[in-house]
Amino acid sequence: MTDFLITLYPWNKAIHIMAVISWMAGIFYLPRLYVYHTEQSQPGDSRDEVFQTMEDKLLRVIMTPAMIATWIFGLALVFTPGIVDWGAVWPYTKGASILAMTWFHHWLGMRRKDFASGSNTLTGRQYRMMNEVPTVLMVIIVLSVVVRF
């Protein structure tokens, strides 16, 4: 099995990077859509319907499959011999940040349900502030992997 993972390493890494880029694009954009949705529409109006469609497609068609692929190919990298130095700090900071990013993804999904039911209580300002969460996590993840502290 380990020979198989070593052989596939470049492919796993490439697909993992593409999945991360797709996931992150959505995770940066969806909260911004929520800002516009909150500030420019009312439940049930025509803009609300357009925002709902955009948000739903982004979450279901792009973000969730990208998150799943990120996890699958990331775990394949973790299990590839010689890739992760478990004696260093970086795998743990990256892992904690990935768990936080996954939580944020699910939090966005819960907010999506709030919009769908017409029960959103957050303001555009609150969504703007939450939009900074993935940026901070991305910085931690990239520094963890590149600097390997």
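Backbone N atoms of segment 129-149 closer than 20 Å to the 7 Å Cα→Cβ label point of Val89 belong to residues 136-149.
The distance separating the Cα centre of segment 19-90 from that of segment 1-16 comes to 24 Å. For the chain, the longest principal axis of the Cα atoms and the long axis of helix 133-147 meet at an angle of about 10 degrees.
Here's the list of lysines a cross-link from Lys57 could span, going by alpha-carbon distance under 27 Å and ignoring same-chain residues fewer than 8 apart: Lys13, Lys113.
Given charges of +1 on the Cβ of Lys and Arg and -1 on the Cβ of Asp and Glu, with all other atoms neutral, how large is the dipole of segment 2-147 about its Cα centre, in debye to the nearest 20? Don't skip to the answer; put the middle values down first.
Working: 11 positive and 10 negative charges, 17 e Å.
Dipole of segment 2-147, to the nearest 20 debye: 80 debye.
With both labels modelled 7 Å from their Cα along Cα-to-Cβ, the Met110 to Glu39 distance reads 2.5 nm. Only one item in (i) 1.86; (ii) 1.64; (iii) 1.20 matches Cα Rg over 2.2 N^0.38 Å derived from the coordinates shown, and that item is (iii). In the calculated pair-distance distribution of segment 86-149, the portion above 16 angstrom amounts to 54 percent of the Cα-Cα pairs. How far is helix 90-117 tilted, in degrees, relative to the longest principal axis of the Cα atoms in the chain, given as a value from 0 to 90 rounded to the nearest 10? Approximately 20 degrees, to the nearest 10. With R₀ set to 35 Å, the beta-carbon distance separating Val50 from Lys13 gives a calculated FRET efficiency near 0.40.
Quick note: the coordinates plus some simple rules give every number you see, no bench work behind them. No experiment lies behind these values; they were computed from the predicted model shown. Cβ atoms come from the backbone with ideal geometry, glycine included; neighbour counts cover every protein chain shown.
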